[in-house]
1. Pull up the cross-link candidates among the aspartates and glutamates for LYS105, meaning alpha carbon to alpha carbon under 15 Å and not fewer than 8 places away within one chain.
2. Summarise the accessible area of the stretch 1-80 (1.4 Å probe, protein heavy atoms) by the percent that is carbon and sulfur.
3. Nearest 20 debye, what's the magnitude of the dipole of the chain about its Cα centre given +1 on Lys and Arg Cβ and -1 on Asp and Glu Cβ?
4. Among GLU97, GLU57, GLU169, whose mean-square fluctuation peaks in a Gaussian network model of the chain (Cα, cutoff 10 Å)?
5. Compute the signed sum of charges (Lys and Arg +1, Asp and Glu -1) over the other residues within less than 11 Å, Cβ to Cβ, of VAL181.
6. Please state the shape class of the stretch 46-130: rounded when a/c is under 1.5, otherwise prolate if a/b exceeds b/c and oblate if not, all from the C-alpha gyration tensor.
7. Is there a quick way to get the dipole size of the stretch 1-111? I mean about its Cα centre, with the Cβ of Lys and Arg at +1 and of Asp and Glu at -1; what is the value in debye to the nearest 20?
8. Which residue fluctuates the most in the chain, going by a Gaussian network model with Cα springs under 10 Å, if the choices are VAL194, VAL61, VAL93?
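The values are calculated or read from the model by the stated rules, or taken from the named source; none is laboratory data. In this text the structure is predicted, and so the values were computed from the model without any measurement. Here the Cβ is made from the backbone with ideal geometry for all residues, glycine too, and neighbour counts use every protein chain on show. Accessible surface is based on the protein model in full, side chains and every heavy atom, while ligands, DNA and RNA are left aside. Shrake-Rupley method; radii C 1.70, N 1.55, O 1.52, S 1.80 Å.
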Amino acid sequence: MLIWIILIIVPMLFGLYAQMKIRSAYARNVEIPSRGQIRGSEAAAAVMQSAGISDVEIVEVEGELTDHYDPINKRLALSSPNYHGTSLAALGVAAHEAGHAIQHKVGYAMMTVRQSLAPATQIAAGVSNFVMIAGIFLLSTAIGGTLLMVGAVALAVICLFQFVTLPVEFDASRRAKAELVRLGIVGDDEMSGVHETLDAAALTYVAAFVAALVSLLHILMMLSGRRDD
């Protein structure tokens, strides 16, 4: 019983903690303006220009923390507070997304792997919950075991995707921090706000990987117990 509590409760609490951490770090640092008063969109453009990237469109999107880089359409999307904002949080997030554009340009291996896994992961995410729930309800039947096996494969794909995502995100943040200082967009004494924001964001990816891994272990334990019966 204890192991089931650990498998369910601990990842859930970790995920909630990671979400609270990024939201509090972002909320705190989005209120701290940078001395240079450079907007997030301008910072992203400067980081990419420094890397020789001129074919990526920077666009504004709605929402909060909806920022992302689209390698297929070569589009860097920044949420409104980060597109227009001059805060330490805005500059950190904008430069982070520009870091992904640099990864794409230089052919960063782990980003290439993640892109290749994306289609399979979308399919796996779409079927995993339904298959696993059906498999649990039909656990005592042959089809239940088959459904759980399918669910385990889907979760393994998701887990692999989340695992590969970790170095991609960490590397993008590393590039962002270095470029913000090198280009003079943020001073060394201002970097604590950037560090806090990006490090908190990285924790959410760790939490996502842990949740996927624990879910996979959960299903594998169920399958093992079923074979022992």
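1. Leaving aside aspartates and glutamates fewer than 8 places away in the same chain, those within reach of LYS105 are ASP55, GLU57, ASP70, GLU97, ASP171.
2. C and S atoms contribute 61 percent here.
3. I would put it at about 440 debye.
4. GLU57
5. Summing Lys/Arg as +1 and Asp/Glu as -1 gives -2.
6. oblate
7. Its charge dipole is roughly 340 debye.
8. Sorting by GNM fluctuation, first place goes to VAL61.
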